[in-house]
Amino acid sequence: MQYGPALRAAAAIAVLSVLDAFIKGMSAYYPTFQVAFMRFAFGGLVIGIVLAVARPGWPNRETFAANAVRAVVGFVTALSFFYALGQLPLAETLILSFLAPMFVALLGVVVLKERVDLRIIGAILLGFCGTLIVVAGQSEESGAVRSWTGVAAALGSAVTYAFSLVLLRQRAQKDKLLHIVAFINIGPGILVAPFAAMVWQPVAMEHLPWFALIGVLAISGHVLLVTAYARAEAARLAPLEYTALIWAVLLGYGAFNEVPTWATLGGGLLVILAALMTTRR
């Protein structure tokens with residue numbers, strides 16, 4: 001695999017990790033569904049401006065149908081992940097969500113007929129072991145009671161997220177970049193709107209620039225992700241998802257004063273090694 005797609009995918013994950021940090025900050029002031037709607041609304045506004053300037057034309061029926069399906073999958077992913085966060089400790093939700101790269105590799109073989117070599121399988125397993133070490137270190141301190149409905153929701157979120165990435169790989173080779181990015185921002189925004197309306201709170205004026213920045217980060221991250229998956233197989237890029245752990249440690253320490261444990265640092269090293277394995281021929 002060439003280095004370009006891997007670097008784009010890693011950059012996308014970094015940008016989207018910063019986006020998650022901003023969303024976490026706003027979640028201290030507003031309900032989750034409202035934050036989610038504002039994220040998609042401002043993302044839709046940004047991509048709307050880009051569409052007005054670039055004028056890529058209207059999507060055909062096939063493009064509309066396929067990307068509408070992916071928008072629904074993205075909405076289900078967010079909804080199930082939010083539910084899991086409410087039912088499980090953050091560490092346990094994290095480990096279950098990082099099963100997604102394994103599902104990406106599996107679905108890539110089944111749906112896209114991709115070939116997966118032993119090196120990619122090894123990278124996925126190595127990254128998963130790194131994630132296990134991180135979560136094991138955190139779980140020893142949490143001692144929370146397991147919720148099996150939360151476990152099911154987290155597993156469902158991992159599967160639907162993996163399916164979303166496989167669909168992205170499939171459509172990125174056929175559809176226009178701006179059409180794909182528009183659907184994944186506008187579609188879930190429409191779907192989450194009724195839930196946001198039920199819990200809506202007035203938005204402070206000083207928070208609007210932060211939501212605007214969230215919209216810009218969302219579009220930037222999706223553009224990088226789409227261009228990466230258009231040029232490389234889903235299974236080869238999947239292990240790079242583990243690099244989100246590294247950004248989570250850095251952002252958690254810098255923005256929220258969360259000091260990483262030795263388990264986090266040790267597991268993070270394995271995650272980095274797994275990511276490097278995917279960028280070598």
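Per-structure values
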item: Selection within region 221-236 - farther than 25 Å from Phe40 by Cα and part of a helix (DSSP H, G or I); result: Ala235, Arg236
item: Residues (on the phi < 0 side of the Ramachandran plot, among the small types (Gly, Ala, Ser) and over 14 Å from the mean Cα position of the chain (by Cα)) located in region 34-85; result: Ala41, Gly43, Gly44, Gly48, Ala52, Ala54, Ala65, Ala66, Ala68, Ala84
item: Matching residues, region 43-69, being surrounded by fewer than 10 Cβ atoms within 10 Å (Cβ to Cβ) and small (Gly, Ala, Ser); result: Ala52
item: Failed criterion for Ser80 (all others in (1) in contact with a Ser or Thr (Cβ under 9 Å, 6 or more places away or on another chain); (2) among the small types (Gly, Ala, Ser); (3) surrounded by fewer than 20 Cβ atoms within 10 Å (Cβ to Cβ) hold); result: (3)
item: Extreme residue, modelled with the highest pLDDT, among residues of region 161-214 that are among the charged types (D, E, K, R) and in a helix (DSSP H, G or I); result: Glu206
item: Members of region 232-242 found to be under 12 Å from Ala123 (Cα atoms) and at pLDDT 75 or above, listed by number; result: Leu237, Leu240
item: Some residue of region 37-58 being of a type in the set (Lys, Arg), free of Cβ contacts under 8 Å to residues at least 40 places away in the same chain, over 16 Å from Val223 (Cβ atoms) and part of a helix (DSSP H, G or I); result: no
item: Some residue of region 27-37 being touching a His at 6+ places or on another chain (Cβ under 8 Å) and at pLDDT below 85; result: no
item: Long-range neighbours under 8 Å by Cβ, at least six apart or interchain, first residue closer than 13 Å to Gln34 by Cα within region 204-217, second basic (Lys, Arg); result: Phe211/Arg39
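The values are calculated or read from the model by the stated rules, or taken from the named source; none is laboratory data. It should be emphasised that the depicted structure is a prediction, and the values quoted were computed from it without experimental measurement. Note that we place each Cβ from the backbone using ideal geometry, even for glycine, and neighbour counts take in every protein chain shown.
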